[in-house]
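*Asks:* Would you mind keeping the following structure in view while I ask a few things?
The values are calculated or read from the model by the stated rules, or taken from the named source; none is laboratory data. The model shown is predicted, which means the values in this text are computed figures rather than measured ones. When we count neighbours, we look across all protein chains shown, and the Cβ atoms used for this are built from the backbone with ideal geometry, even at glycine. Quick note on the areas: whole protein, heavy atoms, side chains included, nothing else; ligands and nucleic acids left out. Shrake-Rupley method; radii C 1.70, N 1.55, O 1.52, S 1.80 Å.
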Amino acid sequence: MALPDALLDVSWSLQFVPGDSLRMSSLQALVSGTEAHAASPTQLQSLAQECCQHISIQDPVYRDELNDEREKTGQLRECAFSQLWPYSWATSAQIHDRQSIGLLIETRYQKTTYQVVLLGNVSGNGENACPVSLILFKAAPSHVKHIVNWLNFRFNLPSPAQLRLPPEIVLHGCSRFLDTLSASWTPEQSQDDALRQATLRQVIGSLKLTLTISNTTETDIAGKLRTVDFDVPSETVDGLLRRARQTHSGGLAASTAFLDELANAIHEKTGLRLPLSASLPLQTAQSNTDPALERPLKVSKITCAAFAITVDGKLKFARKPIESAEVVGYQETLIRAANWELLEVVRAEAEKRGARRDEDG
């Protein structure tokens with residue numbers, strides 16, 4: 001699939017939805033219905049009006065001089081609901097079987113617009129699974145709470161929780177992105193392939209890994225050091241991807257091998273052994289309650305020209321690498337597909353977390 005434009009150039013915060021015994025068929029049709037049975041504009045407008053009325057009632061009637069949300073946003077003008085469809089280059093006659101990937105809720109104030117996206121549950125997880133697995137939002141926390149309260153009232157949607165991503169998921173998402181990107185190039189291509197080099201400069205730029213240091217004391221050599229950044233230029237990324245594909249032609253994905261090659265290269269240059277393998281055992285919040293058991297060094301953020309992802313549950317896809325595709329000469333479809341693979345890693349983690357929360361009760 002290909003990432004839709006509505007998800008580009010927005011710094012999203014992430015929440016997961018715990019599973020629920022109630023199957024919300026009406027919400028299911030909105031977030032993962034087929035185009036042949038898509039919601040009508042009248043239905044979407046009616047839901048938007050209901051939501052707008054609910055938010056207007058919930059907004060405080062008093063003014064807080066220290067933190068006046070109304071002063072920042074202005075009056076609420078309207079709400080707009082729209083189903084999200086994968087980006088398609090096909091003609092309208094070829095996309096009748098397309099399936100929506102979610103629902104976009106926009107609340108438009110005088111001074112700003114807030115966005116909340118409900119992404120559908122794709123794994124199923126049984127007949128009674130919650131149809132929503134992941135919520136992306138760019139909005140004030142109080143506003144998100146109003147939206148969630150309305151969704152609970154209207155569709156019985158369970159209360160979501162913040163989705164913090166394990167470092168291994170951040171690495172795995174980067175792996176999937178690079179694997180999709182590099183899959184279009186064969187190892188036999190010329191080492192001086194200008195298009196490949198130009199693509200990596202535009203899409204990757206500099207791959208920046210931020211590692212967080214914990215469990216340090218003031219007596220340690222790096223007692224006051226909390227983070228360390230590693231910038232990997234696109235030329236180095238290209239060389240490591242080539243080496244990964246040449247030396248790992250078996251079952252190991254090239255991008256997973258890339259992270260191993262990157263860790264080895266950093267070790268050769270600096271002597272540091274960094275935890276960059278995407279195949280490391282997951283350290284979840286539930287299984288890692290003892291701070292003494294936490295790794296002292298772990299990846300907390302990965303950014304490049306195309307995306308940014310953090311363990312704090314932040315995700316952004318940049319529009320510029322897609323807009324530059326025609327000028328540089330690479331395929332726009334390639335970047336959208338790579339973005340989609342990264343999003344799928346995050347959505348799969350949200351579904352697992354939701355199912356685990358449901359089992360824990």
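*Asks:* Given a 1.4 Å probe and the protein chains all in place, what does the accessible area of CYS174 round to, in Å² to the nearest 10?
*Replies:* Roll a 1.4 Å probe over it and CYS174 shows about 0 Å².
*Asks:* Just the number, please: Stokes-Einstein D of region 102-162 in µm²/s, Kirkwood Rh from C-alpha pairs, 4 °C, 1.567 mPa s.
*Replies:* This corresponds to a translational diffusion coefficient of 104 µm²/s.
*Asks:* Between GLU268 and SER26, 0.36 nm times their residue separation minus their Cα-Cα distance comes to what?
*Replies:* Full-extension gain reported as 81.5 nm.
*Asks:* Could you work out how far apart the two model spin labels at GLU332 and ALA161 are, taking each label as a point 7 Å from the Cα in the direction of the beta carbon, and quote it in nm?
*Replies:* Between GLU332 and ALA161, the label points sit 4.0 nm apart.
*Asks:* Could you name the lysines in cross-link range of LYS301, using Cα to Cα under 28 Å and dropping any fewer than eight places away on the same chain?
*Replies:* The qualifying lysines are LYS138, LYS145, LYS208, LYS224, LYS269, LYS314, LYS316, LYS320, LYS352.
*Asks:* Here's a follow-up. Obtain the nm distance between the two label points defined at LYS111 and ALA80 by a simple spin-label model: each point lies 7 Å from its Cα along the Cα-to-C-beta direction.
*Replies:* Calculated label separation equals 2.1 nm.
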